[in-house]
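First up is the structure itself, then whatever we jot down about it.
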Amino acid sequence: MTSRGEDEYDYLFKVVLIGDSGVGKSNLLSRFTKNEFNLESKTTIGVEFATKTIECEDKVIKAQIWDTAGQERYRAITSAYYRGAVAALLVYDITKMNTFTNVEKWLQELKTYADDNIVVMLVGNKTDLANLRAVKVEEAKGFAEKNELAFIETSALDSTNVVEAFEQIIQIYHQMGSEHIRQNDDDDDGDDKITKGKPVEGISSHLRNPVKLTQASTEADKSKEKKKGCC
Amino acid sequence: MLERIKGVFSKKKKPVEKKLEEDKIPEPEDDLNTSSTSQTFSNSEKRHYQKLCLLLSEPMIDLKKLRSEAWYGIPMCYPQIRSIVWKLLLGYYSPNQEFQESSISRKREEYIDCSRSYFPNLAYSEDLTETNLISEDMSIYEVDSFKQIIIDVKRTHPGEAFSSKISKSMLTRILFVWAFKHPASGYVQGINDLAATFMYIFLAEEIDRINRESEGRKSVDIDLEHNAYDLKLEDVDLIEEEKIQHIEADTYWCLENFLETLQENYTEHQPGVHKIIARTEQIVMKKDKELMEFLEAADYVPSKFVYRWVNNILSREFNVQQLIMIWDKIIAEEEDITTYLPYVCAALLLKFSDCIKSYAERPEEVILLIQDLPTREWGNEDIKVLMAESYQLQCLYEFNSHLEEK
Ligand SMILES: Nc1nc2c(ncn2[C@@H]2O[C@H](COP(=O)(O)OP(=O)(O)OP(=O)(O)O)[C@@H](O)[C@H]2O)c(=O)[nH]1
Ligand SMILES: [Mg+2]
């Protein structure tokens, strides 16, 4: 993975980070974009934004990531940011069962507010706290398969799988978009590896034909949204 | 700059009319006059400080005069003055000195009783875990509030002093009691930062008192260059338990009173926040139509990005010492916070107008700028200018809007 100049990229992807408050969304983001972790990171109010450029199969991809507030009271403003996102990382805390139980609710939110074809990855964070684990890997993996979500476990604290999570979701999307979908459903040989379920149903044509971007919006975005912009 | 603007727009904030009699001025004056020739403190600031002392020494404190005097700012070297002024202006302390003591102790007891009913055994040194705090007989509302508060208290740190177990357990109790008493909104993220700001003010006051005592300084000695708001982690351990309880109770009541006019900010859909943002947008539109149109065209109407400014009363955009200077004015405002805050937000946004417009082709930069303002590099003068500019906007548009209505 290499970074190039900020403005040189082939594709632009909008990704949202969602999940209960305190599961570690902001730390996953700062680990990915700045390689930083902060035990005392502040609560997210509304949304926060960051970008990172990565290389994937010879293409330069710029990810625009929107980190949202997990507390229920902010749902109204955060859900407005789902639109136009091509991927979502739905994060729970492996040491807190209720954050996993709430994943259902978050999927419902996505169904209501996000584009139909959004690619979702379930992310179990805080694997460094192995002795406090409350959500079994198998349980989460089973849930992901049933709901056709990609799945990975991470630790923002010790960096395990953080870059992988972002890169893999971008890859999944990118492969779908480039019509290079290889259905490697059986490729779930360990926690460290992403286990991709069946491709999400109803991938619309714009996902299959990503357009070379000039400005900060895709052709599809332009046709969907009146105003140009990066969100 | 401040003086000039205030000179031009003196309609609203009239200087205190009462002519000060020299012999009534309390002791600090001598120290002020002999203190080192500091360039950061003008003579007018010294005068304001003296007037504040004088007003506070009256048996029946004139809140109106106190308000207009406090509006000019309170020196950072004397946290005791700020603490009393805020408590008075927030309606926690009674202006009648005769009843003040008894009413304070009644309020403190009321808080401590309520807090004890939830935390009968919680020592200040205890770790705040769910197992320590959550019991089976709690309602779902209580359990959910607790869970959120525990996660957030860990992440609330306006300064080093907040890493101590004592501060954390104080803050946990304050937030929980508040949540319990305000089920209409419940605990909402952001309130933790507001509570922490009050706590910071009162901790600084007590630590300053302790330091003065140990250094043998009189409470009236004052060195305008001293900054009493630079708290260290170990400082908090110096405070005795009874004082800690008082600070906790005082923080609670100030938070309670401060939020009274802001209730709607934290209820479902946060209508209060949206109103303040809408007002901010109106002001920016009047003052700098081009900026507003630029933001609208780029689909970046301020509402998306100044949300945190309003929700947290600017506590995330400035460090705690800068914030204190801003809140001095916000609290001294005659009308409630919701009328003045939009002017501060508008002034802040307007400060970056040129910069924002220069990002025409790079809308991402606009977001990155607004969500992480370069205010860390600001000095005290910059804050004063910002507040002067907010006041200028208020004079321009509030009076005009009154005229329009008529
Ligand atoms: N041990 C451990 N702690 C983590 C990890 N990721 C985050 N944390 C801690 O969990 C707490 C919450 O992390 P945040 O990143 O602020 O959580 P969030 O999901 O952004 O929360 P909201 O902004 O409230 O929605 C912080 O104290 C982090 O330091 C991790 O991988 N391991
Ligand atoms: Mg966050």
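Structure notes:
- Residue within segment A:63-85 that is within 14 Å of ligand 1 (Cβ to nearest atom), farther than 29 Å from B:Pro183 by Cα and basic (Lys, Arg) present: no
- Residue among B:Glu365, B:Glu296 that is among the charged types (D, E, K, R), in a helix (DSSP H, G or I) and over 25 Å from B:Glu398 (Cβ atoms): B:Glu365
- Residues being away from ligand 2 (no atom under 16 Å from the Cβ), assigned to a loop (DSSP other than H, G, I, E, B), on the phi > 0 side of the Ramachandran plot and not polar (S, T, N, Q) are represented in segment A:81-102 by at least one member.
- For segment B:328-377, the candidate set comprises residues that are in contact with a helix residue (DSSP H, G or I) (Cβ under 7 Å, 6 or more places away or on another chain) and exposed (fewer than 15 other Cβ atoms within 10 Å of the Cβ); within that set, the residue that is farthest from A:Thr51 (Cα to Cα) is B:Glu334.
- Complete set of residues in segment A:70-80 that are within 15 Å of ligand 2 (Cβ to nearest atom) and not polar (S, T, N, Q): A:Gly70, A:Glu72, A:Arg73, A:Tyr74, A:Arg75, A:Ile77
- Hits in segment B:290-306 - residues which are farther than 14 Å from B:Lys357 by Cα and at the interface with another protein chain (Cβ under 9 Å from one of its Cβ atoms): B:Ser303, B:Lys304, B:Phe305
- For the condition touching a strand residue (DSSP E or B) at 6+ places or on another chain (Cβ under 6 Å) and within 13 Å of chain B (Cβ to nearest Cβ), A:Val16 does not qualify.
- Filtered by the rule that a residue be more than 11 Å from the chain's Cα centre (by Cα) and more than 16 Å from B:Thr280 (Cβ to Cβ), segment B:319-334 gives B:Asn319, B:Glu334.
- For B:Ser44, the stated conditions do not hold, so it cannot be described as in a helix (DSSP H, G or I), buried (at least 21 other Cβ atoms within 10 Å of the Cβ) and either touching a residue at least 24 places away in the same chain (Cβ under 8 Å) or in the same structural domain as B:Glu333 (by TED's automatic domain parsing) (or both).
- Residue among A:Glu57, A:Glu36 that is out of contact with any strand residue (DSSP E or B) (no Cβ under 6 Å at 6 or more places or on another chain), away from chain B (no Cβ under 12 Å) and within 16 Å of ligand 2 (Cβ to nearest atom): A:Glu36
- Among (1) of a type outside the set (A, V, I, L, M, F, W, C); (2) closer than 21 Å to B:Met285 by Cβ; (3) touching a residue at least 40 places away in the same chain (Cβ under 8 Å) - the single one B:Asp328 does not satisfy: (2)
- Per the listing B:Ser115, B:Ser167, B:Ser83, B:Ser68, the residue uniquely part of a helix (DSSP H, G or I), among the small types (Gly, Ala, Ser) and within 14 Å of another protein chain (Cβ to nearest Cβ) is B:Ser167.
- Consider segment A:39-54 and keep the residues that are assigned to a loop (DSSP other than H, G, I, E, B) and on the phi < 0 side of the Ramachandran plot. The one that is nearest to ligand 2 (Cβ to nearest atom) is A:Thr44.
The values are calculated or read from the model by the stated rules, or taken from the named source; none is laboratory data. Worth saying up front: this structure is predicted, and the values here are computed from it rather than measured. Glycine gets a Cβ as well: all are built from the backbone with ideal geometry, and neighbour counts include every protein chain shown.
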